[in-house]
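**Q** Got a structure for you, written out below as C-alpha cells; questions coming shortly.
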Amino acid sequence: MNHLITLESGQTGGLSMLAMLGIYAVFIVALYFIFFRPQSKKKKKEAEMRKNAQVGDEITTIGGICGRIIAVKDETDSVVIETGSDKAKLRVKRWAIGSVDTVHEDDATA
C-alpha cells in the first residue's frame, strides 16, 4: 500500500511542475504584450514620421530646436532647417527629429 501512495504523489509533482511552467509561459507572453510590443510599434511609427518629413514641415528636434525644413539631403540622411527670425540654418540628422508639427492632408484623413 505504501508503494501506491508514493507513486500517486510522484505523478502529482509532475503535474504541478507542468502547471508552473504554463503559468510562467503565460506571464512571459503577457509581459511581451504589455511592454515590448507597444515600444516596437512606437519606434516604427517614429521612424515612419522621420522618413516622411519633407520640405516645408515645421519640426522640433530631440534637443528642442524648432524650425522649418528647407532642404532634404538623402545622401547624408539629414535635413537643413531654418530657425528663428534671423533665418539661421542648421543641418540636422533625421534621427534627431523629435516631432513633425505640420499636419498633412494625408494624416488628417487617416
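The values are calculated or read from the model by the stated rules, or taken from the named source; none is laboratory data. Predicted model, so just to flag it, every value in this text is computed and none were measured. A quick note on method: Cβ atoms are made from the backbone with ideal geometry, for glycine too, and the neighbour counts reach across all protein chains shown. Areas reflect the complete protein model, heavy atoms only, side chains present, ligands, DNA and RNA absent. Shrake-Rupley method; radii C 1.70, N 1.55, O 1.52, S 1.80 Å.
**Q** Please go through the range 21-110 and write out the trypsin sites (Lys or Arg not before Pro) that DSSP classes as loop and that have at most 14 other C-beta atoms within 10 Å. Each step should come with its number before you reach the end.
**A** Working: sites: Lys41, Lys42, Lys43, Lys44, Lys45, Arg50, Lys51, Arg68, Lys73, Lys87, Lys89, Arg91, Lys93, Arg94; in loops: Lys87.
Taking the range 21-110 and a limit of 14 other Cβ atoms within 10 Å, the loop trypsin sites (Lys or Arg not before Pro) found are Lys87.
**Q** How much solvent-accessible surface does Ile62 expose, in Å² to the nearest 10, with a 1.4 Å probe and all protein chains in place?
**A** 110 Å²
**Q** Sort largest first and round to whole Å: the equivalent ellipsoid semi-axes of the range 48-110, each the square root of five times a Cα gyration tensor eigenvalue. Provide the component values of the computation, followed by the final result.
**A** On the way: eigenvalues 68, 37, 22 Å².
Rounded to whole Å, the semi-axes are 18, 14, 11.
**Q** Right, something else. Can you send over the solvent-accessible area of Thr102, 1.4 Å probe, protein chains only, in Å² to the nearest 10?
**A** 40 Å²
**Q** Once both labels are modelled 7 Å past Cα along the beta-carbon direction, what's the Phe36-Glu48 spacing in nm?
**A** 2.2 nm
**Q** I'd like the GluC sites (Glu not before Pro) in the range 40-105 restricted to DSSP loop residues with at most 11 other Cβ atoms within 10 Å, sorted by number. Numbers along the way, then the final one.
**A** Values: sites: Glu46, Glu48, Glu58, Glu75, Glu82, Glu105; in loops: Glu75.
In loop regions of the range 40-105 (DSSP not H, G, I, E or B), the sparsely surrounded GluC sites (Glu not before Pro) are Glu75.
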